[in-house]
Amino acid sequence: DIEAGSAVYKEPETEMETLLSDIWQDVLGLPQIGVSDNFFTLGGDSIKGIQMASRLNQHGFKLEMKDLFQHPTIEELVSYVERTEGEQADQGPVEGEAELTPIQRWFFEKDFTNKHHWNQSVMLHAADGFDPALVEKTLQVLTEHHDALRMVYREQKPYYRGLEDVSVDLEVMKLNGPAEDHEDRIEREADRLQSSITLEAGNLLKAGLFQAEDGDHLLLAIHHLVVDGVSWRILLEDFTAVYTQLKQGKEPMLPPKTHSVAEFAERLKEYADTKVFLKEVDYWKQLEEKEVCTQLPKDRQSSDQRMKYTKTIGFSLTAEQTELLTTKVHEAYHTEMNDILLTALGLALKEWTGRDTIGVHLEGHGREDILDGLNMTRTVGWFTSMYPMVLEMKHADDLAYQLKQMKENIRHIPNKGVGYGILRYVTAPEHKEDLSFSIEPDISFNYLGQFNEMSDSGLFTRSNMPSGQSLSPDTEKPNALDIVGFIENGQLTMTFAYHSLEFHEKTIQSFSDSFKAHLLKITDHCLAQDGPELTPSDLGDDDLTLDELDKLMEIL
């Protein structure tokens, strides 16, 4: 038997086991996966789970994410895979008016200065160059297929334009010599493109192709209202597929569409006032009753909150440290990445603030399975969920207990926090009189998962040329400190974007150092454990506490 992941390798036997094994290998980038290997200790996370479900869907099967979390091996999971019975989304173009999603409502409520310039962007590098005609045709195919890319916003209402109204905004700029000789010009042009989007008129996607002697650099800037982290993975994968098909002289073919953002927002309106959903109110009400520290100790106060004063520092772990953190570390307590990262964050925050209960804004992908028969695994749009969490750090001196406590607290958040925005922005006022939505932490945290769409394609890599400012320098920074984590090229990077009129760099640097030290300490602690230890959520018992389980284990 061959060792793979943590379990002894067991070969897939049935067709479904083989299909799942092939999909896992593809999504996790591993050469061999057996039916007893654990998805999460192989480096899987919830976003990889979405990608897996999307691949499965293309074969005519569906899987609910909660089943993957509860049964993370192929041999357990196989009985939860179902055929998709006539649930395929309408493949025609979505047109006309639509509703806003909760996160889009948040965006308009904030009334940011210069809200047209609020993008997410990526700059790709192709050493062999891009063919401008093929790039334009590829973007046209993506815009026709992914309905959100045809959206405009008229008086804060989303409107899908028809196929006949859409063209592609691609500018081609020739540079003499290598790209780095023209870094200033690239930055200027990229800034101009990033700031050229208008919400009422569209297009909400702008592209700039910089042709240089040492390869081409392609900037894709898309307004955040229609795209998020999961969307980018879909778009980069589809860009590669269509560009390659066109290059080979083939008719472009993409997998079937999943349900649109328009359907999601429409269904959410009904769901937001159902008895089943309103059970969540109690959880958020209890959270609001806690004594919570939401303010960070600032070095000075400032009323000027503009983005232009944002500075960013960060650190990366080595490839070896990252691999342990995405695989072996989770064997001790059946954890996921956020359990580990948030424990490290809590320990560092406790050190900085001197407080035991600290509020943070968490961001999640927001594509939870809450609406029956709706599938958003291949839908481009802005689904992000944003919700408060209280990090309870009373057991900081007992790392094992603290980790298990954090894991349990995260598992108790209903539907991974997606309901908070629904309650706040969609539920009728009479159904949420008990809630004040008053927890407003200074700090936000978002783990984006692993990005290997770049390296997998072979077509392009991430460019090191400046891609311009995604957000207007005059727009307001929503949080005093934003912490973002992601894995690229096998390394975990954590970035800390802070408001430089409020914090000295050395303050944030020492906080970043503390976070890293705690992360490595947790890694060592988990690797030193003898065998796996279960917590109540592993047993599917929501009412059992950690202490009660420990007592039970002593009796057994």
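The values are calculated or read from the model by the stated rules, or taken from the named source; none is laboratory data. Predicted model only: the values in this text are computed from it and were never measured. Glycine also receives a Cβ, built like all others from the backbone with ideal geometry; neighbour counts cover every protein chain displayed.
When only residues in region 62-89 that are outside any helix (DSSP H, G or I) and without any contact (Cβ under 8 Å) to a residue 24 or more places away in the chain count, which is nearest to the chain's Cα centre (by Cα)?
It comes out as Leu63.
Yes or no, residue by residue, for (1) β-branched (Val, Ile, Thr); (2) in contact (Cβ under 8 Å) with a residue 60 or more places away in the chain; (3) crowded, with 19+ Cβ neighbours inside 10 Å; (4) not in a loop (DSSP other than H, G, I, E, B):
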site	(1), (2), (3), (4)
Leu225	no, yes, yes, yes
Leu236	no, yes, yes, yes
Leu246	no, yes, no, yes
Met253	no, no, no, no
Pro256	no, yes, no, no
Ala262	no, yes, yes, yes
Leu268	no, yes, yes, yes
Phe277	no, yes, yes, yes
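Is it the case, given these coordinates, that Ala400 is closer than 19 Å to Glu533 by Cα and of a type in the set (Gly, Ala, Ser)? Yes; evaluated as a whole, the condition is true for this residue. Considering only residues of region 16-28 that are of a type outside the set (A, V, I, L, M) and surrounded by 15 or more Cβ atoms within 10 Å (Cβ to Cβ), which is farthest from Val78 (Cα to Cα)? Checking each candidate, the answer is Trp24.
Condition check: at pLDDT below 95 and either on the phi > 0 side of the Ramachandran plot or assigned by TED's automatic domain parsing to the domain that holds Phe315 (or both). Does Ile508 satisfy that?
no
Of the helices (runs of 4 or more DSSP H) contained entirely in region 396-495, those carrying at least 1 residues that are over 30 Å from Lys285 (Cα atoms) fall at 453-457. Would you say Ala241 is in contact with a strand residue (DSSP E or B) (Cβ under 9 Å, 6 or more places away or on another chain) and either surrounded by 21 or more Cβ atoms within 10 Å (Cβ to Cβ) or part of a helix (DSSP H, G or I) (or both)? No; evaluated as a whole, the condition is false for this residue.
Say whether the condition of being within 15 Å of Phe239 (Cβ to Cβ), modelled with pLDDT of 95 or more and buried (at least 16 other Cβ atoms within 10 Å of the Cβ) is met by at least one residue in region 149-161. Yes, that holds for at least one residue.
Per the listing Glu136, Glu99, the residue uniquely within 19 Å of Ala201 (Cα to Cα), of a type outside the set (A, V, I, L, M) and surrounded by fewer than 21 Cβ atoms within 10 Å (Cβ to Cβ) is Glu99.
For region 531-548, give me each residue that is of a type in the set (S, T, N, Q) and either modelled with pLDDT under 75 or in a loop (DSSP other than H, G, I, E, B) (or both). Once the filter is applied, which keeps residues that are of a type in the set (S, T, N, Q) and either modelled with pLDDT under 75 or in a loop (DSSP other than H, G, I, E, B) (or both), region 531-548 yields Thr535, Thr545. Considering region 52-74, the residues that are under 20 Å from Thr335 (Cα atoms) and of a type outside the set (A, V, I, L, M, F, W, C) include one that is surrounded by the most Cβ atoms within 10 Å (Cβ to Cβ), namely Thr73. Taking region 56-100 as the range and being under 16 Å from Ser260 (Cα atoms), at pLDDT 85 or above and touching a strand residue (DSSP E or B) at 6+ places or on another chain (Cβ under 9 Å) as the test, the residues that pass are Pro93, Val94, Glu95, Gly96, Glu97, Ala98, Glu99, Leu100.
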